[in-house]
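Here, each number is a calculation from the coordinates, and none is a lab measurement. Everything numeric in this text was worked out from a predicted model, so none of it was measured. A quick note on method: Cβ atoms are made from the backbone with ideal geometry, for glycine too, and the neighbour counts reach across all protein chains shown.
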Amino acid sequence: MAEKPKPKSKFTSSLGCSFLFLFPFAACGIFMIGLIGWTLIQWATISHWEEGTATILEVKVRYGDDSDSMGVNARYAYEWEGETFQNDRVSLYGGTDNVGSFQKRIYKELKQSHKRKAPVPCFINPQKPSEAILYRDLRWEMIAFYSVFAEVFGGIGVCGIVLMLVYRESIKDDDILKAKYPKEPWKWKRDWMEGNIPSSGSTTFPGGAIFVASYWNIVGLPMWILAPLEIFKGNYWGLVGFIIPVIGVLLIIWATRVKIRRSKYGLTTLRLLDTPVVIGGRLNGAILIEKPFYPENGFECTLQCEERISRDKGSDTQILYEDSEVIGYEAAIDVEGHLAVPVSFAIPLECVSTDMEGSRTVAWELSVEASVPGVDYTEEFIVPVFKTEQGTAELQVQDSSTAWEKIKDPDAPLKLAGIRIEQDGFGKLNVTTQMGRNFGLALWLGIFSVIWVVAVFFLYQKYDSSCLIILGAMGAMSFYWSLGIFFQSSDIEVNEHSLEFRNGWFFRRRIQRIPLQDISKFRYRQSMSSGHKTYNHIYVKTHKGKSKIIMKYVKGQTSCRRLISILEEAVRR
């Protein structure tokens, strides 16, 4: 009796589907790379051809599937060494396109020459006179167009296939665990199940980062040359093409930092005492750093629950929960030759479970940062947080009693956020923030805004467009916003009669007063985010329903909650 063939494993099926999904992207990218190379080779070859004159015999326009896309067909005659030839090659680009005004321009020129029977320049191959071309221009905008497809589609496809091959064993293991524990998602990853979770930086190989940066810069190499040349010629649209080299520089910086960080700190792992982390319980564990170091300002740890909803027109991201604390280096101990930084966070009962599948995903991420000379230490971990029968309100308040117990300073997040608290013995509370406390955020936003405005300004010199005016106004508003973040400062005073506050730029602040009996509550709301950092505004609400901002751009929800508890306590006295 013939033996039945074994069914294909789910791993083989999912790996095959992933490959089929990524292959068209890789093929498109490789095709575009080939097209860029072919165009450059043709241009380099034709640039040595001899210039002559031709008579236009016929010219007509053709349109692509899109009525905006057009190409030019022409037939022309020319002489070489007493012999007459005919050809129909117009330019290096034989298809139809709507990139720039090249096609419209040459059609207009050839149509006029044909109508007036005027000769036009042509370029003839002296080795093979039957080969000729009318326009040998290297269109930088087409190279930029090809490069975008090669970079984006090729990057997704090629890098995706490479990552899939590198992590195929891990993918296979995940599929096996999903089939084995269908109702226990915290066991779908071996790292989660064993409670040893490598950081995202530990899974990012320096070689992989160098490969990504190299791929982008090698494919985008033509734009490193063409974009500056176009700008020097006065074609300020070359600033748009300059985006590719700028991204390339940023990728080189990123790859270099990945390499330096791995050499300086080694691998980092989060070791959990209990897995999964239970909603209504605590996250207890330690961050194990391979190469010990002792930062003066300690380790800033932040736990975030992020919800992402994917839609057809994009995705929405929201921070559902955040908690942070600073752990002094004195609390770190040696474990197995690694520096162990203890962590412990309460997970409120109202939080939601980790869900990494579907259009709505929920991810719990633990990040740790430390400021040191040179490249700062920063790592992130995806933590399994789930609702189980073990979670209770009483379990939340129980702290770890192991050797990893840490020294807590509840006001440490406020100090890192640049908030100063002073209280006297008579019930008076002063809360102050200085301008420049969010210098990094203001700096990057300001640099982006300046680059934006300068690019729009140069484009406006050549192309007088109302759209560019609007884009320039947006850039100016963004720069004004960056100044507001930098110069923002606040002074809050709670005395026995009222809440007094001044909030705004240092030269345009005025004192506002609210009697204590009129205060209903304090609250905070997220204003913006940068990476995994959130920046929030703190409001005071009166019994009449009016809300006023008393402090802007407070970093971290934990800082907001701690500051609000201090203000509420001062108001109640």
*Could you give me the percent of Cα pairs per 10 Å distance bin for segment 16-89, shortest bin first, beginning at zero and ending with the bin that holds the maximum distance?*
14, 22, 33, 18, 8, 4, 0
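Let me have the relative contact order for the chain, percent, based on Cα pairs under 8 Å that are six or more residues apart. Working shown, then result.
Values: 1021 pairs, mean separation 52.4, N = 573.
With pairs under 8 Å counted, the relative contact order is 9 percent.
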*What's the FRET efficiency of SER200 with SER47 using the Cβ-Cβ distance as r and R₀ = 60 Å, to the nearest 0.05?*
0.80
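Any idea what the dipole of segment 48-135 comes to, in debye rounded to 20, about its Cα centre with Lys/Arg Cβ at +1 and Asp/Glu Cβ at -1?
Values: 12 positive and 13 negative charges, 95 e Å.
Taking the Cα centre of segment 48-135 as origin, the dipole is about 460 debye.
Give me Rg over Rh for segment 421-572, both radii from the alpha carbons and Rh done the Kirkwood way, two decimal places. Kindly include the intermediate steps, with their values, before the conclusion.
Numbers: Rg = 19.1 Å, Rh = 17.3 Å.
Expressed as Rg/Rh, it is 1.10.
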*asked:* Among ALA27, GLY337, VAL277, which residue has its Cα furthest toward the positive end of the charge dipole of the chain, with +1 on Lys/Arg Cβ and -1 on Asp/Glu Cβ?
replied: ALA27
*Name the shape class, rounded, prolate or oblate, that the alpha-carbon gyration tensor gives for segment 517-573, where a ≥ b ≥ c are the square roots of its eigenvalues, rounded holds for a/c under 1.5, and otherwise prolate holds if a/b is larger than b/c and oblate otherwise.*
oblate
*Within the set of other residues whose C-beta is less than 15 Å from the C-beta of ASP316, count the net charge using Lys and Arg as +1 and Asp and Glu as -1.*
+1
_What number do you get for segment 472-523 when its Cα radius of gyration is normalised by 2.2 N^0.38 Å, N = residues?_
1.54
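What net charge is computed for the residues neighbouring PHE85, neighbours being all others with C-beta under 14 Å from the C-beta of PHE85, Lys and Arg scored +1, Asp and Glu -1?
On the way: positive: ARG75, ARG89, LYS128; negative: GLU50, GLU79, GLU81, GLU83, ASP88, GLU131.
Taking every Cβ under 14 Å from that of PHE85, the sum is -3.
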*Working from the pairwise distances between different alpha carbons, so that the mean of 1/r is found and then inverted, what is segment 48-135's Kirkwood radius in Å?*
13.4 Å
*Out of these labelled values of percent of Cα pairs over 39 Å apart, (i) 39; (ii) 48; (iii) 28, which was calculated from the coordinates shown here?*
(ii)
*asked:* Among the listed pairs LYS128/LYS233; LYS178/LYS387; LYS187/LYS259; LYS108/LYS128; LYS264/LYS533; LYS521/LYS555, which have their C-alpha atoms separated by more than 26 angstrom in this model?
replied: LYS128/LYS233; LYS187/LYS259; LYS108/LYS128
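Mind checking segment 459-501 for GluC sites (Glu not before Pro) that DSSP puts in a loop (not H, G, I, E or B) and that have at most 12 other Cβ atoms within 10 Å? Please report the intermediate quantities before stating the final value.
On the way: sites: GLU493, GLU496, GLU500; in loops: GLU496.
Sites meeting the loop and neighbour criteria: GLU496.
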*Whole Å is fine, so just give me how far the alpha carbon centre of segment 248-278 lies from that of segment 130-177.*
26 Å
*Compute the long axis of helix 168-180 from its Cα atoms, compare it with the longest principal axis of the Cα atoms of the chain, and write down the angle in degrees, 0 to 90, nearest 10.*
50 degrees
*Computed magnitude of the charge dipole of the chain (debye, nearest 20; Cβ of K, R +1, Cβ of D, E -1)*: 1460 debye
*Using a/c under 1.5 as the rounded threshold, could you call segment 244-373 rounded, prolate or oblate? The axes a ≥ b ≥ c are square roots of the C-alpha gyration tensor eigenvalues, and prolate needs a/b larger than b/c, oblate otherwise.*
oblate
*As a check on your grasp of the helix formula, calculate [θ] at 222 nm for the chain: sum -39500 (n - 2.57) over DSSP H runs of n ≥ 4, divide by the residue count, round to the nearest 500.*
-13000 deg cm²/dmol
*Which is the longest part of the chain that has none of the chymotrypsin sites (Phe, Trp or Tyr not before Pro) sitting in a DSSP loop with at most 14 other Cβ atoms within 10 Å?*
1-166
*If you take the square roots of the eigenvalues of the alpha-carbon gyration tensor of segment 121-210 and sort them as a ≥ b ≥ c, do you get rounded (a/c under 1.5), prolate (a/b over b/c) or oblate?*
prolate
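Sorted by average packing, counted as other Cβ atoms within 10 angstrom per residue and highest first, what order do 467-475, 542-550 take?
Working: 467-475: 14.8, 542-550: 13.1.
The peptides rank, most packed first, as 467-475, 542-550.
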_Could you tell me the relative contact order of segment 421-572? Use alpha-carbon pairs under 8 Å, at least six residues apart, and round to a whole percent._
19 percent
*Give a quick list of GluC sites (Glu not before Pro) in segment 301-375 that DSSP marks as loop, anything other than H, G, I, E or B, with at most 10 other Cβ atoms within 10 Å.*
GLU336, GLU350, GLU357
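Let me check against my output: what whole-number percent is the relative contact order of segment 48-135, with C-alpha pairs under 8 Å and at least 6 apart? Provide the component values of the computation, followed by the final result.
Values: 170 pairs, mean separation 32.6, N = 88.
That works out to 37 percent.
Exactly which trypsin sites (Lys or Arg not before Pro) in segment 26-119 are in a DSSP loop and have at most 12 other Cβ atoms within 10 Å? Working shown, then result.
On the way: sites: LYS60, ARG62, ARG75, ARG89, LYS104, ARG105, LYS108, LYS111, LYS115, ARG116, LYS117; in loops: ARG89, LYS117.
When the trypsin sites (Lys or Arg not before Pro) of segment 26-119 are filtered for loop state and at most 12 Cβ neighbours within 10 Å, LYS117 remain.
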*For segment 285-361 and segment 470-538, compute the distance between their C-alpha centroids and round to whole Å.*
27 Å
